[in-house]
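This report concerns only the one structure given below.
What follows is calculated from the coordinates using simple rules that are stated; it is not laboratory data. Because the structure is predicted, anything quoted here is derived from the model rather than measured. FYI the Cβ positions are ideal-geometry reconstructions off the backbone, even for glycines, and counts take in every protein chain you see.
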Amino acid sequence: MSRHLSILLVSVSVPLRLCGFIPLLPVLLLLPPAHAQSVTGAIVGVIKDPPGAVVPDSSVLAKNAATGAEAATETDESGFYRLLNLLPGEYVLEIQIAGFRKMTTTAQRVSTGDILRLDGAPVGAGD
């Protein structure tokens, strides 16, 4: 008979332990979410033509100067582009707009957590 009694005590003690946790639940729900630390950076910007109008559908290429890794995107209808999840390093941007020469920037350093803003405009007519 003592064997049945010990099983009953074990099954009752588990819910009793949980009762001690329940008052902490509202406190845990109020805590801000934990975010993982970012190990990448980004380059964003707006591409405009020489008169200053935004240029949609322009090609933007970021090339890591050390590794040669490339990330490419196109500008949206507002001329805005985003190159996300870039590993830290120096990047050269190549911007191509139809009817203009390709524009190339000098190497720009992207560090962990950086959001580098690089706006651009082509300088002359293309070939």
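A few remarks follow.
- Search result, residues across region 68-124 that are of a type in the set (D, E, K, R) and assigned to a strand (DSSP E or B): Glu70, Glu74, Arg82, Glu90, Glu94, Arg109, Arg117
- Exactly one residue out of Val55, Val44, Val39 is touching a Lys or Arg at 6+ places or on another chain (Cβ under 8 Å) and surrounded by fewer than 18 Cβ atoms within 10 Å (Cβ to Cβ): that is Val44.
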